Amino acid sequence: MEKSKKWPQILIGIVLLSAGIFVGKIWFNPPVAIPLPVAYTNNEGGNTGVIPSSYDPVNGKIIEVKDGDKIQDAVVEAKSGDLIRVYPGVYNETVYIDKDGITLQGVTINSEWAILDGQSQLNDAFLYSGNNITIENFKIVKYKGNAIMGQAGNNYVIRNNWIIDTGVYGIFPQFGKNGLIEYNILSGIEDAAIYVGMCDNVDVKFNEVFESVAGIEIENSRHALVESNYVHDNTGGILVFITPGLPIKTTFDVIVRNNFVVNNNTPNFAIPGSMVSSIPRGTGIVIMAADDVIVENNIISGNINAGIAITDLSFGAQISKDPDSDPYPDRLVILDNFMHNNGTDPIEEIKVAMMTQFSELGPDIVAVGGGTGSTIRNRNQYRTFGIGGYGEATITNTKNVKTFLLDEMVQPRSITASERAKLTYYGICAGCHAYDIKMIGPPTKIIQALYKDNPEGIAEYAANPVKKRQDFAEMPPQKHIDDETRLEVAKFMLSLTK
(Lines give C-alpha, C1' and ligand atoms only; values in the text may rest on other atoms or scores of the structure.)
Protein backbone atom coordinates (compact mmCIF):
# COMPACT_ATOMS: atom_id res chain seq x y z
CA MET A 1 0.00 0.00 0.00
CA GLU A 2 2.79 2.40 0.86
CA LYS A 3 4.39 1.92 -2.60
CA SER A 4 1.12 2.56 -4.43
CA LYS A 5 0.67 5.88 -2.56
CA LYS A 6 4.13 7.10 -3.62
CA TRP A 7 3.64 6.65 -7.45
CA PRO A 8 1.34 9.71 -7.93
CA GLN A 9 3.82 11.86 -6.01
CA ILE A 10 6.67 10.64 -8.23
CA LEU A 11 4.70 11.33 -11.44
CA ILE A 12 3.80 14.84 -10.26
CA GLY A 13 7.48 15.47 -9.50
CA ILE A 14 8.53 14.34 -12.99
CA VAL A 15 5.92 16.58 -14.63
CA LEU A 16 7.01 19.60 -12.56
CA LEU A 17 10.68 18.90 -13.34
CA SER A 18 9.98 18.65 -17.10
CA ALA A 19 7.93 21.82 -17.03
CA GLY A 20 10.76 23.56 -15.19
CA ILE A 21 13.32 22.44 -17.76
CA PHE A 22 11.08 23.60 -20.63
CA VAL A 23 10.45 27.01 -19.03
CA GLY A 24 14.15 27.29 -18.27
CA LYS A 25 15.08 26.66 -21.88
CA ILE A 26 12.61 29.27 -23.06
CA TRP A 27 13.83 31.74 -20.45
CA PHE A 28 17.56 31.29 -20.92
CA ASN A 29 17.60 30.15 -24.62
CA PRO A 30 14.77 31.91 -26.43
CA PRO A 31 13.89 30.43 -29.86
CA VAL A 32 16.01 31.79 -32.68
CA ALA A 33 14.42 32.66 -36.00
CA ILE A 34 15.89 30.52 -38.79
CA PRO A 35 17.56 32.91 -41.22
CA LEU A 36 16.33 32.94 -44.77
CA PRO A 37 18.80 31.76 -47.43
CA VAL A 38 20.85 34.60 -48.78
CA ALA A 39 21.74 34.31 -52.45
CA TYR A 40 24.62 35.85 -54.31
CA THR A 41 23.77 38.34 -57.02
CA ASN A 42 25.93 39.76 -59.72
CA ASN A 43 25.29 42.39 -62.33
CA GLU A 44 28.15 41.50 -64.64
CA GLY A 45 26.24 38.90 -66.65
CA GLY A 46 22.94 38.46 -68.44
CA ASN A 47 19.66 37.25 -67.06
CA THR A 48 18.53 34.23 -69.04
CA GLY A 49 21.44 31.84 -69.61
CA VAL A 50 20.25 31.53 -73.20
CA ILE A 51 22.24 32.84 -76.13
CA PRO A 52 20.39 35.91 -77.43
CA SER A 53 19.12 35.71 -80.98
CA SER A 54 21.33 38.68 -81.78
CA TYR A 55 24.35 36.37 -81.39
CA ASP A 56 23.13 34.12 -84.20
CA PRO A 57 25.08 35.04 -87.29
CA VAL A 58 23.42 32.54 -89.69
CA ASN A 59 21.43 34.62 -92.12
CA GLY A 60 23.38 34.06 -95.34
CA LYS A 61 24.00 31.15 -97.66
CA ILE A 62 25.04 27.58 -96.86
CA ILE A 63 28.38 26.38 -98.23
CA GLU A 64 28.91 22.63 -98.23
CA VAL A 65 32.29 20.94 -97.87
CA LYS A 66 32.59 17.28 -98.87
CA ASP A 67 35.37 14.76 -98.27
CA GLY A 68 38.26 15.74 -100.53
CA ASP A 69 37.46 19.48 -100.42
CA LYS A 70 39.29 22.05 -98.34
CA ILE A 71 37.46 23.71 -95.43
CA GLN A 72 39.74 26.72 -95.85
CA ASP A 73 38.43 27.28 -99.40
CA ALA A 74 34.92 27.56 -97.99
CA VAL A 75 36.08 30.09 -95.38
CA VAL A 76 37.69 32.18 -98.14
CA GLU A 77 34.39 32.14 -100.05
CA ALA A 78 32.17 32.82 -97.03
CA LYS A 79 30.75 36.18 -96.03
CA SER A 80 29.39 37.28 -92.68
CA GLY A 81 26.22 35.35 -91.92
CA ASP A 82 27.14 32.24 -93.93
CA LEU A 83 27.04 28.67 -92.62
CA ILE A 84 29.77 26.23 -93.66
CA ARG A 85 28.65 22.61 -93.38
CA VAL A 86 31.42 20.04 -93.37
CA TYR A 87 30.39 16.48 -94.21
CA PRO A 88 32.00 13.28 -92.88
CA GLY A 89 35.54 12.73 -94.05
CA VAL A 90 39.12 13.34 -92.93
CA TYR A 91 40.49 16.84 -93.41
CA ASN A 92 44.25 17.34 -92.91
CA GLU A 93 44.52 21.10 -92.62
CA THR A 94 44.60 24.21 -90.46
CA VAL A 95 41.57 26.46 -90.87
CA TYR A 96 42.09 30.22 -90.41
CA ILE A 97 39.00 32.38 -89.81
CA ASP A 98 39.80 36.08 -89.89
CA LYS A 99 36.33 37.40 -90.74
CA ASP A 100 33.20 37.97 -88.66
CA GLY A 101 29.95 36.06 -88.50
CA ILE A 102 31.00 32.62 -89.75
CA THR A 103 29.51 29.35 -88.47
CA LEU A 104 31.36 26.09 -89.07
CA GLN A 105 29.28 23.02 -88.46
CA GLY A 106 30.38 19.41 -88.76
CA VAL A 107 27.73 17.02 -90.08
CA THR A 108 27.53 13.55 -88.55
CA ILE A 109 25.93 10.79 -90.67
CA ASN A 110 25.60 7.21 -89.42
CA SER A 111 28.09 7.98 -86.62
CA GLU A 112 30.67 9.21 -89.15
CA TRP A 113 32.16 12.57 -88.15
CA ALA A 114 33.84 15.40 -89.97
CA ILE A 115 37.39 14.79 -88.69
CA LEU A 116 40.26 17.25 -88.64
CA ASP A 117 43.45 15.21 -88.33
CA GLY A 118 46.74 17.05 -87.88
CA GLN A 119 48.68 13.79 -88.34
CA SER A 120 50.98 14.93 -85.51
CA GLN A 121 52.47 17.41 -87.99
CA LEU A 122 50.16 20.42 -88.04
CA ASN A 123 49.97 22.84 -85.14
CA ASP A 124 46.36 24.04 -85.02
CA ALA A 125 43.03 22.80 -86.32
CA PHE A 126 40.98 26.02 -86.08
CA LEU A 127 42.42 29.51 -85.54
CA TYR A 128 39.88 32.32 -85.45
CA SER A 129 40.26 36.04 -84.93
CA GLY A 130 36.83 37.15 -86.14
CA ASN A 131 33.80 37.96 -84.02
CA ASN A 132 30.59 35.95 -83.79
CA ILE A 133 32.30 32.67 -84.67
CA THR A 134 30.64 29.31 -83.98
CA ILE A 135 32.52 26.00 -84.26
CA GLU A 136 30.54 22.85 -83.52
CA ASN A 137 30.27 19.12 -84.10
CA PHE A 138 33.85 18.35 -85.19
CA LYS A 139 36.16 15.54 -84.19
CA ILE A 140 39.71 16.91 -83.92
CA VAL A 141 42.76 14.68 -83.40
CA LYS A 142 46.56 14.66 -83.44
CA TYR A 143 47.58 18.33 -83.59
CA LYS A 144 50.69 19.67 -81.90
CA GLY A 145 49.39 22.99 -80.58
CA ASN A 146 45.67 23.60 -80.24
CA ALA A 147 42.42 22.14 -81.47
CA ILE A 148 40.48 25.43 -81.42
CA MET A 149 42.21 28.71 -80.62
CA GLY A 150 40.60 32.14 -80.61
CA GLN A 151 42.53 35.37 -80.79
CA ALA A 152 40.64 38.46 -79.65
CA GLY A 153 37.31 37.33 -81.10
CA ASN A 154 34.12 38.27 -79.24
CA ASN A 155 30.77 36.43 -79.07
CA TYR A 156 32.12 32.94 -79.74
CA VAL A 157 30.39 29.59 -79.35
CA ILE A 158 32.37 26.32 -79.21
CA ARG A 159 30.27 23.22 -78.62
CA ASN A 160 29.73 19.54 -79.25
CA ASN A 161 33.30 18.94 -80.37
CA TRP A 162 35.24 15.75 -79.65
CA ILE A 163 38.92 16.56 -79.16
CA ILE A 164 41.69 14.02 -78.61
CA ASP A 165 45.46 14.51 -78.31
CA THR A 166 45.82 17.99 -79.77
CA GLY A 167 49.02 19.09 -78.09
CA VAL A 168 49.25 21.95 -75.62
CA TYR A 169 45.62 23.05 -75.46
CA GLY A 170 42.28 21.72 -76.57
CA ILE A 171 39.95 24.73 -76.60
CA PHE A 172 41.77 28.00 -76.07
CA PRO A 173 39.88 31.29 -76.48
CA GLN A 174 42.15 34.18 -75.65
CA PHE A 175 41.47 37.87 -75.23
CA GLY A 176 37.80 37.56 -76.15
CA LYS A 177 34.58 38.67 -74.52
CA ASN A 178 31.25 36.89 -74.37
CA GLY A 179 31.95 33.21 -75.00
CA LEU A 180 30.12 29.93 -74.54
CA ILE A 181 31.98 26.60 -74.32
CA GLU A 182 29.61 23.69 -73.88
CA TYR A 183 29.07 19.97 -74.46
CA ASN A 184 32.62 19.27 -75.64
CA ILE A 185 34.60 16.12 -74.81
CA LEU A 186 38.38 16.46 -74.51
CA SER A 187 41.21 14.13 -73.54
CA GLY A 188 44.96 13.67 -73.85
CA ILE A 189 45.97 17.36 -73.62
CA GLU A 190 49.43 18.11 -72.19
CA ASP A 191 48.51 21.47 -70.65
CA ALA A 192 44.85 22.51 -70.28
CA ALA A 193 41.98 20.77 -72.05
CA ILE A 194 39.84 23.92 -71.82
CA TYR A 195 41.94 27.03 -71.31
CA VAL A 196 40.14 30.36 -70.95
CA GLY A 197 42.90 32.95 -71.12
CA MET A 198 42.49 36.71 -70.57
CA CYS A 199 38.77 36.62 -71.36
CA ASP A 200 35.66 38.23 -69.89
CA ASN A 201 32.12 36.93 -69.57
CA VAL A 202 32.51 33.24 -70.32
CA ASP A 203 30.32 30.24 -69.51
CA VAL A 204 31.98 26.79 -69.49
CA LYS A 205 29.20 24.21 -69.12
CA PHE A 206 28.40 20.52 -69.60
CA ASN A 207 31.85 19.51 -70.86
CA GLU A 208 33.73 16.30 -70.09
CA VAL A 209 37.50 16.60 -69.71
CA PHE A 210 39.82 13.77 -68.74
CA GLU A 211 43.32 12.32 -69.05
CA SER A 212 44.86 15.79 -69.42
CA VAL A 213 47.19 17.74 -67.14
CA ALA A 214 44.61 20.43 -66.34
CA GLY A 215 40.95 19.82 -67.00
CA ILE A 216 39.54 23.36 -67.06
CA GLU A 217 41.68 26.44 -66.53
CA ILE A 218 40.40 29.99 -65.94
CA GLU A 219 43.48 32.19 -66.16
CA ASN A 220 43.68 35.99 -65.95
CA SER A 221 39.97 36.13 -66.77
CA ARG A 222 36.93 37.78 -65.20
CA HIS A 223 33.23 36.94 -64.88
CA ALA A 224 33.41 33.20 -65.61
CA LEU A 225 30.90 30.48 -64.78
CA VAL A 226 32.22 26.90 -64.65
CA GLU A 227 29.16 24.71 -64.22
CA SER A 228 27.99 21.11 -64.60
CA ASN A 229 31.20 19.75 -66.08
CA TYR A 230 32.52 16.20 -65.58
CA VAL A 231 36.20 16.63 -64.72
CA HIS A 232 37.96 13.37 -64.02
CA ASP A 233 41.29 11.56 -64.27
CA ASN A 234 43.39 14.65 -64.96
CA THR A 235 46.42 15.78 -62.93
CA GLY A 236 44.43 18.76 -61.64
CA GLY A 237 40.71 19.18 -62.18
CA ILE A 238 39.67 22.85 -62.27
CA LEU A 239 42.21 25.68 -62.00
CA VAL A 240 41.38 29.31 -61.31
CA PHE A 241 44.47 31.43 -61.14
CA ILE A 242 46.70 34.30 -62.19
CA THR A 243 49.79 33.95 -64.32
CA PRO A 244 52.05 36.98 -63.72
CA GLY A 245 53.61 38.76 -66.65
CA LEU A 246 50.52 38.75 -68.88
CA PRO A 247 48.77 41.98 -69.93
CA ILE A 248 45.60 41.14 -67.99
CA LYS A 249 46.70 41.15 -64.35
CA THR A 250 43.61 39.85 -62.57
CA THR A 251 41.28 36.91 -62.19
CA PHE A 252 38.08 37.58 -60.29
CA ASP A 253 34.35 37.00 -60.19
CA VAL A 254 34.38 33.27 -60.94
CA ILE A 255 31.75 30.72 -59.91
CA VAL A 256 32.61 27.00 -59.84
CA ARG A 257 29.45 25.03 -59.14
CA ASN A 258 27.60 21.78 -59.77
CA ASN A 259 30.65 20.02 -61.23
CA PHE A 260 31.81 16.43 -60.76
CA VAL A 261 35.51 16.68 -59.89
CA VAL A 262 36.67 13.14 -59.27
CA ASN A 263 39.81 11.00 -59.30
CA ASN A 264 42.15 13.59 -60.82
CA ASN A 265 45.22 11.50 -60.09
CA THR A 266 46.93 11.23 -63.48
CA PRO A 267 50.72 11.77 -63.25
CA ASN A 268 51.76 15.20 -64.48
CA PHE A 269 53.02 15.02 -68.07
CA ALA A 270 53.18 18.76 -68.82
CA ILE A 271 56.09 20.39 -70.61
CA PRO A 272 58.78 20.95 -67.91
CA GLY A 273 58.88 24.56 -66.77
CA SER A 274 55.32 25.38 -67.78
CA MET A 275 52.98 26.73 -65.13
CA VAL A 276 50.90 23.57 -64.92
CA SER A 277 53.97 21.35 -64.57
CA SER A 278 53.96 22.36 -60.89
CA ILE A 279 50.48 21.02 -60.20
CA PRO A 280 50.61 18.05 -57.83
CA ARG A 281 48.63 15.14 -59.15
CA GLY A 282 45.49 14.39 -57.25
CA THR A 283 44.25 17.97 -56.83
CA GLY A 284 40.56 18.55 -57.49
CA ILE A 285 40.34 22.36 -57.61
CA VAL A 286 43.25 24.82 -57.47
CA ILE A 287 42.72 28.50 -56.70
CA MET A 288 45.90 30.55 -56.98
CA ALA A 289 45.90 34.32 -56.38
CA ALA A 290 42.41 34.72 -57.86
CA ASP A 291 39.84 36.89 -56.09
CA ASP A 292 36.09 36.59 -55.51
CA VAL A 293 35.85 32.92 -56.42
CA ILE A 294 32.79 30.98 -55.21
CA VAL A 295 32.90 27.17 -54.98
CA GLU A 296 29.43 25.69 -54.56
CA ASN A 297 27.63 22.36 -54.74
CA ASN A 298 30.37 20.37 -56.44
CA ILE A 299 31.01 16.67 -55.92
CA ILE A 300 34.74 16.50 -55.20
CA SER A 301 35.92 12.97 -54.55
CA GLY A 302 38.87 10.64 -54.85
CA ASN A 303 41.56 13.30 -55.44
CA ILE A 304 44.55 11.90 -53.57
CA ASN A 305 46.34 15.19 -52.85
CA ALA A 306 43.48 17.49 -51.86
CA GLY A 307 39.92 18.32 -52.81
CA ILE A 308 40.53 22.09 -52.97
CA ALA A 309 44.00 23.66 -52.79
CA ILE A 310 44.26 27.43 -52.26
CA THR A 311 47.54 29.24 -52.58
CA ASP A 312 49.17 32.55 -53.34
CA LEU A 313 51.82 33.10 -56.01
CA SER A 314 54.54 31.53 -53.89
CA PHE A 315 53.21 28.23 -55.33
CA GLY A 316 55.52 28.52 -58.37
CA ALA A 317 59.23 28.96 -57.84
CA GLN A 318 59.66 31.46 -60.66
CA ILE A 319 56.64 33.70 -60.19
CA SER A 320 55.70 36.72 -58.09
CA LYS A 321 58.02 38.83 -60.22
CA ASP A 322 55.21 40.95 -61.65
CA PRO A 323 54.64 43.96 -59.39
CA ASP A 324 51.29 44.62 -61.06
CA SER A 325 49.83 41.25 -60.07
CA ASP A 326 48.35 40.92 -56.58
CA PRO A 327 49.82 37.62 -55.36
CA TYR A 328 47.09 36.78 -52.84
CA PRO A 329 43.69 35.09 -53.17
CA ASP A 330 41.13 37.37 -51.54
CA ARG A 331 37.42 37.10 -50.73
CA LEU A 332 36.97 33.45 -51.64
CA VAL A 333 33.70 31.80 -50.64
CA ILE A 334 33.44 28.05 -50.05
CA LEU A 335 29.77 27.03 -49.84
CA ASP A 336 28.30 23.55 -49.43
CA ASN A 337 30.08 20.89 -51.48
CA PHE A 338 30.11 17.11 -51.18
CA MET A 339 33.64 15.93 -50.50
CA HIS A 340 34.68 12.34 -50.00
CA ASN A 341 37.88 10.34 -49.95
CA ASN A 342 40.24 13.21 -50.82
CA GLY A 343 43.81 13.59 -49.53
CA THR A 344 44.66 9.90 -49.19
CA ASP A 345 48.21 10.38 -50.50
CA PRO A 346 49.12 14.08 -50.36
CA ILE A 347 52.43 15.75 -51.15
CA GLU A 348 55.06 16.04 -48.41
CA GLU A 349 54.22 19.65 -47.52
CA ILE A 350 50.65 18.66 -46.74
CA LYS A 351 51.80 15.64 -44.77
CA VAL A 352 53.76 18.02 -42.53
CA ALA A 353 50.59 20.05 -41.97
CA MET A 354 48.74 16.84 -41.11
CA MET A 355 51.32 16.04 -38.44
CA THR A 356 50.67 19.37 -36.72
CA GLN A 357 47.05 18.32 -36.30
CA PHE A 358 47.86 14.67 -35.48
CA SER A 359 45.79 13.69 -38.48
CA GLU A 360 46.29 10.58 -40.59
CA LEU A 361 43.93 11.84 -43.24
CA GLY A 362 44.72 14.46 -45.82
CA PRO A 363 42.61 17.49 -46.50
CA ASP A 364 39.41 18.19 -48.31
CA ILE A 365 40.56 21.82 -48.30
CA VAL A 366 44.07 23.16 -47.78
CA ALA A 367 45.12 26.81 -47.93
CA VAL A 368 48.67 28.16 -47.80
CA GLY A 369 50.02 31.68 -48.11
CA GLY A 370 48.28 35.01 -47.72
CA GLY A 371 44.89 36.41 -48.62
CA THR A 372 42.11 38.22 -46.81
CA GLY A 373 38.33 38.35 -46.57
CA SER A 374 37.60 34.69 -47.37
CA THR A 375 34.68 32.79 -45.87
CA ILE A 376 33.30 29.26 -45.63
CA ARG A 377 29.90 27.75 -44.88
CA ASN A 378 29.55 24.76 -42.54
CA ARG A 379 33.31 24.33 -42.18
CA ASN A 380 32.95 21.34 -39.87
CA GLN A 381 31.77 19.14 -42.72
CA TYR A 382 35.29 19.19 -44.22
CA ARG A 383 38.82 18.22 -43.14
CA THR A 384 40.69 21.48 -43.52
CA PHE A 385 44.16 22.87 -43.07
CA GLY A 386 45.08 26.54 -43.10
CA ILE A 387 41.64 28.16 -43.19
CA GLY A 388 41.48 29.17 -39.55
CA GLY A 389 41.26 32.80 -40.60
CA TYR A 390 38.23 32.24 -42.80
CA GLY A 391 35.01 33.79 -41.56
CA GLU A 392 31.47 32.45 -41.78
CA ALA A 393 29.97 32.77 -45.24
CA THR A 394 27.28 35.41 -45.48
CA ILE A 395 25.60 33.82 -48.51
CA THR A 396 24.23 30.32 -49.03
CA ASN A 397 23.96 29.98 -52.80
CA THR A 398 24.47 31.63 -56.19
CA LYS A 399 21.22 30.59 -57.83
CA ASN A 400 20.43 34.16 -58.83
CA VAL A 401 23.36 34.10 -61.24
CA LYS A 402 22.12 32.32 -64.39
CA THR A 403 25.00 33.17 -66.66
CA PHE A 404 27.89 35.51 -67.28
CA LEU A 405 27.03 35.81 -70.96
CA LEU A 406 25.79 39.28 -71.74
CA ASP A 407 22.28 39.78 -73.09
CA GLU A 408 23.61 41.84 -75.97
CA MET A 409 26.53 40.85 -78.14
CA VAL A 410 29.78 42.75 -77.87
CA GLN A 411 30.50 44.90 -80.89
CA PRO A 412 33.53 44.04 -83.05
CA ARG A 413 36.62 46.02 -82.36
CA SER A 414 37.78 48.76 -84.71
CA ILE A 415 41.56 48.88 -84.47
CA THR A 416 44.54 50.59 -86.09
CA ALA A 417 47.57 48.75 -87.48
CA SER A 418 49.60 49.37 -84.30
CA GLU A 419 46.69 48.21 -82.17
CA ARG A 420 46.42 45.10 -84.34
CA ALA A 421 50.09 44.36 -83.70
CA LYS A 422 49.58 44.81 -79.97
CA LEU A 423 46.52 42.59 -79.95
CA THR A 424 48.30 39.99 -82.04
CA TYR A 425 51.14 39.92 -79.54
CA TYR A 426 48.82 39.59 -76.58
CA GLY A 427 46.46 37.27 -78.42
CA ILE A 428 49.09 34.89 -79.83
CA CYS A 429 52.62 35.45 -78.54
CA ALA A 430 51.71 36.05 -74.87
CA GLY A 431 50.12 32.62 -74.71
CA CYS A 432 53.63 31.14 -74.68
CA HIS A 433 55.91 34.08 -73.80
CA ALA A 434 55.65 36.09 -70.59
CA TYR A 435 58.05 38.97 -70.05
CA ASP A 436 60.49 37.51 -67.57
CA ILE A 437 59.25 34.06 -66.64
CA LYS A 438 59.41 30.78 -68.49
CA MET A 439 56.21 29.51 -69.99
CA ILE A 440 55.87 27.31 -73.07
CA GLY A 441 58.44 29.45 -74.86
CA PRO A 442 61.41 31.51 -73.64
CA PRO A 443 60.72 34.81 -71.83
CA THR A 444 60.33 37.92 -73.96
CA LYS A 445 63.28 39.44 -72.09
CA ILE A 446 65.57 36.73 -73.47
CA ILE A 447 64.19 37.18 -76.98
CA GLN A 448 64.93 40.91 -76.71
CA ALA A 449 68.52 40.12 -75.85
CA LEU A 450 68.86 37.71 -78.76
CA TYR A 451 67.26 40.05 -81.32
CA LYS A 452 68.25 43.54 -80.16
CA ASP A 453 67.47 46.09 -82.93
CA ASN A 454 66.50 43.22 -85.21
CA PRO A 455 62.70 42.97 -85.46
CA GLU A 456 63.10 41.56 -88.96
CA GLY A 457 64.88 38.57 -87.43
CA ILE A 458 62.01 37.88 -85.04
CA ALA A 459 59.46 38.23 -87.83
CA GLU A 460 61.38 35.81 -90.05
CA TYR A 461 61.85 33.29 -87.24
CA ALA A 462 58.15 33.45 -86.37
CA ALA A 463 57.30 32.55 -89.97
CA ASN A 464 59.83 29.73 -90.24
CA PRO A 465 60.82 28.56 -86.74
CA VAL A 466 63.24 25.74 -86.08
CA LYS A 467 63.79 23.92 -82.81
CA LYS A 468 66.88 25.34 -81.13
CA ARG A 469 66.66 24.38 -77.47
CA GLN A 470 65.66 21.09 -75.95
CA ASP A 471 64.17 22.75 -72.86
CA PHE A 472 61.48 24.53 -74.88
CA ALA A 473 58.73 23.18 -77.07
CA GLU A 474 59.01 23.63 -80.81
CA MET A 475 57.39 26.88 -81.90
CA PRO A 476 54.62 26.56 -84.49
CA PRO A 477 55.03 28.68 -87.65
CA GLN A 478 53.03 31.91 -87.73
CA LYS A 479 52.77 32.30 -91.50
CA HIS A 480 49.05 32.93 -91.22
CA ILE A 481 49.93 36.43 -89.91
CA ASP A 482 50.68 38.75 -92.80
CA ASP A 483 54.24 40.08 -93.22
CA GLU A 484 53.44 43.65 -92.18
CA THR A 485 51.65 42.64 -88.98
CA ARG A 486 54.34 40.11 -88.09
CA LEU A 487 57.01 42.83 -88.34
CA GLU A 488 54.94 45.26 -86.25
CA VAL A 489 54.47 42.56 -83.62
CA ALA A 490 58.24 42.03 -83.50
CA LYS A 491 58.81 45.78 -82.99
CA PHE A 492 56.24 45.84 -80.22
CA MET A 493 57.87 42.82 -78.60
CA LEU A 494 61.25 44.57 -78.54
CA SER A 495 59.70 47.68 -76.97
CA LEU A 496 58.25 45.92 -73.94
CA THR A 497 59.71 46.71 -70.52
CA LYS A 498 57.59 44.43 -68.36
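Accessible area of M475 (1.4 Å probe, protein heavy atoms only, ligands and nucleic acids ignored): about 60 Å². Of all DSSP-defined beta bridges confined to the chain, some 0% are antiparallel rather than parallel.
Compute the distance from the alpha-carbon center of the range 218-280 to that of the range 427-498, in whole Å. Taking the Cα centre of each part, the range 218-280 and the range 427-498 sit 26 Å apart.
Taking the convex hull of the alpha carbon positions in the range 422-466 and averaging its projected area over all directions gives 3.2 nm². Rolling a 1.4 Å probe across the protein heavy atoms gives the chain an accessible surface of 45 Å² per residue. For the range 192-236, the relative contact order is 47 percent, taking Cα pairs closer than 8 Å that sit 6 or more residues apart in sequence and dividing their mean separation by the residue count. With N counted as the residues of the range 145-228, its alpha-carbon radius of gyration over 2.2 N^0.38 Å works out to 0.93. Placing E408, E93 in order of accessible area, with the largest value first and a 1.4 Å probe, yields E408, E93.
Which of the lysines could a cross-linker bridge to K399, judged by Cα under 20 Å and excluding same-chain residues fewer than eight apart? Those lysines meeting the cut-off are K205.
Only helices enter this figure: runs of n ≥ 4 DSSP H residues, each worth -39500 (n - 2.57), summed and divided by the residues of the chain, yield -5000 deg cm²/dmol at 222 nm to the nearest 500. Computed on protein heavy atoms with a 1.4 Å probe, the accessible areas place V466, V141 in the order V466, V141, largest first. The heavy atoms of I63 offer some 10 square angstrom of accessible surface to a 1.4 angstrom probe. Give me the percent of Cα-Cα pairs in the range 32-184 that sit more than 26 Å apart, rounded to a whole number. The answer is 27 percent, as a whole percent.
With bins 10 Å wide beginning at 0, the percent of Cα pairs of the chain falling in each bin runs 4, 18, 28, 23, 13, 5, 3, 2, 2, 1, 0, 0. Bridgeable lysines around K79 (alpha carbons under 29 Å apart, same-chain partners fewer than 8 residues away excluded): K61, K66, K70, K99, K139, K177, K422, K479.
Partners of K438 within straight-line reach, counting aspartates and glutamates whose Cα lies under 17 Å from its Cα and excluding those fewer than 8 residues away in the same chain: E190, D191, E219, D322, D471, E474.
Take 112-124, 177-189 and order them by the average number of nearby Cβ atoms within 10 Å per residue, most first; the result is 177-189, 112-124.
Which value in Å is the Kirkwood Rh of the range 185-271 over different Cα pairs?
With all distinct Cα pairs of the range 185-271 included, I get 12.7 Å.
Dividing the convex hull volume of the alpha-carbon atoms in the range 419-498 by its residue count gives 84 Å³ per residue. Taking every C-alpha pair closer than 8 Å and separated by at least 6 residues, the mean separation divided by the residue count of the chain gives a relative contact order of 11 percent. For the pair Q411 and N110, the difference between a 0.36 nm per residue extended length and the Cα-Cα distance amounts to 104.5 nm.
The values are calculated or read from the model by the stated rules, or taken from the named source; none is laboratory data. All of these numbers come straight from a predicted model, not from anything done at the bench. Cβ: placed from backbone, ideal geometry, glycine included. Neighbour counts: every protein chain shown. All accessible areas refer to the heavy atoms of the entire protein, side chains included, with ligands and DNA or RNA removed. Shrake-Rupley method; radii C 1.70, N 1.55, O 1.52, S 1.80 Å.
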